[in-house]
Amino acid sequence: MKNRRFFIALIVFSLVGQIAWVVENMYFNVFIYKMFNASARDISLMVEASAVAATLTTIFMGALSDRIGKRKIFMCLGYMLWGVSIIAFAFVRLDLISPAAGGAAAAASLAVTIVIILDCVMTFFGSTANDAAYNAWLTDMTDKSNRGRAEGINSMMPLVAILVVFGSFMGFDLDKAGSWTAIYIIIGAAVLLIGALGFFIVDEAPAKERDELGYFGTILYGFRPSVMRAHGELYFTLIGFIVFNISIQVFMPYLIIYYEKTLGMTNYVLIFAPAIIAAAAVTALYGKVIDRRGFWGSVFPSLGMLTAGYVLLWLFPGVIKAEGAAATVPVFIGSLLMLSGFLTGMAVFGAKIRNETPEAMAGRFQGLRIIAQVLVPGVVGPAIGAAALKNAPTVTNSDGTTSFLPSNVIFITALAVAAVLAVGLVIGFAVSQKHEKA
């Protein structure tokens, strides 16, 4: 029964948390693009600011949860405040901002600035609840015998969340401000309610013996050279995780805009949904492969799926408009491979990082994980993507303003970053084999 409660809490908190992150990572970009004519640089700045906020929050709040020795209160109360902060976006509307801004262009610019600031506030609560507390709790509640299975479920949730969000958003006209108001209220309320439910379904992680480092010593622990030397495999994995996520962030902020505007896939949800379902199933099953074959036996197939998806998405950029619905097949296959590689890769790296995290220190190491997953990729990846789209074509909107159209170059650029990771992993594998023989 206790094991069942754990998996129920894992599924509920992971899914709802990922739904909130999907709205931020994939739809805030669409929100400011559609409502306020945001530029590629605006989108990049928002992602970068959020990445910095997430990292600092996870470092400080993860260490605090270690010092207090509690995860549950940070998870549950954090989710409730996270929900409230999401609801606040419902009030970022031009009809409310324009009277104070003095013109449509000024109002749109101010609205983008407000969204970026609110995004950082929302990220503080989300990262406290999810990145710091939930992920430390998940590490505490699992061990090397079942982390692949748990990480497989955890890592498939971003895809399931995308499917839930896509399906839920189908009934909304995202060109209308009222739709966004409703979306933020619904999503925010759901996150708030799950936080309250967590007080009844989440078991506190087993108590661990604490060291005497103090709060700031706990914060700085993972950055010590002596700790890095003592846990070389952990830091090698974190470096690989950085490069992996940079590759993802090259294209991810522009993906929905690319499908809808560049490819003209007005029904992209119906095309994308089967790919998400299939990739989620692959990711859930892949957890057993990770437990059985370990890091080296599972990381290369994941990377292979990811790069194959990039190649297909790069090779078939204009077939939708040129040849009709039948030509969506290669885009569907490319999306399926890309999503499967993305999520199984997250599971592979996530399980390895948890396995290499020192006992009773999960909270303080969540900051390092978020640096690898969010901060560096969130700053570097979108910047690389924006540079690649510097000369992207533009379209003129009905109000006379212009918007950029992401091109397929984002996928070949992401592939180049993935190639760097592949080389690093091959070298790392050769070194590990040499050490085993020695």
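Step by step: first the residues of region 90-102, then only those that are of a type in the set (Gly, Ala, Ser) and within 22 Å of Ile43 (Cα to Cα), then the one that is surrounded by the most Cβ atoms within 10 Å (Cβ to Cβ). Which residue is that?
First, the residues of region 90-102 that are of a type in the set (Gly, Ala, Ser): 90, 98, 100-102.
This time we only want the ones that are within 22 Å of Ile43 (Cα to Cα), so: 90, 98, 101.
Values: Ala90: 18, Ser98: 16, Ala101: 15.
By that ranking, first place goes to Ala90.
One residue stands out among those in region 339-381 that are in a loop (DSSP other than H, G, I, E, B) and of a type outside the set (A, V, I, L, M): the one that is surrounded by the most Cβ atoms within 10 Å (Cβ to Cβ), which is Thr357. Screening Gly198 on (1) surrounded by 14 or more Cβ atoms within 10 Å (Cβ to Cβ); (2) more than 29 Å from Met361 (Cα to Cα) shows it passes everything except condition (2).
Whenever a residue of region 30-48 is basic (Lys, Arg), its partners that are at pLDDT 85 or above and assigned to a helix (DSSP H, G or I), lying with C-beta atoms within less than 7 angstrom and at least six residues away or across chains, give the pairs Arg41/Ala386.
Picking from residues in region 174-188 that are touching a residue at least 12 places away in the same chain (Cβ under 8 Å) and closer than 15 Å to Leu94 by Cα, the one that is surrounded by the most Cβ atoms within 10 Å (Cβ to Cβ) is Trp180. Where helices (runs of 4 or more DSSP H) fall wholly inside region 76-179, the ranges with 1 or more residues that are under 18 Å from the mean Cα position of the chain (by Cα) and of a type outside the set (Ser, Thr, Tyr) are 104-126, 135-140, 147-169. Scanning region 163-203 for residues that are among the polar types (S, T, N, Q) and in contact with a Phe, Trp or Tyr (Cβ under 6 Å, 6 or more places away or on another chain) returns a single hit, Ser179.
Could you go through region 58-66 and let me know if any residue there is of a type in the set (D, E, K, R), in contact (Cβ under 8 Å) with a residue 60 or more places away in the chain and in contact with a Gly (Cβ under 8 Å, 6 or more places away or on another chain).
yes
The values are calculated or read from the model by the stated rules, or taken from the named source; none is laboratory data. What you see is a predicted model, and the numbers here were worked out from it, not measured in a lab. Note that each Cβ is placed from the backbone with ideal geometry, even for glycine, and that neighbours are counted across all protein chains shown.
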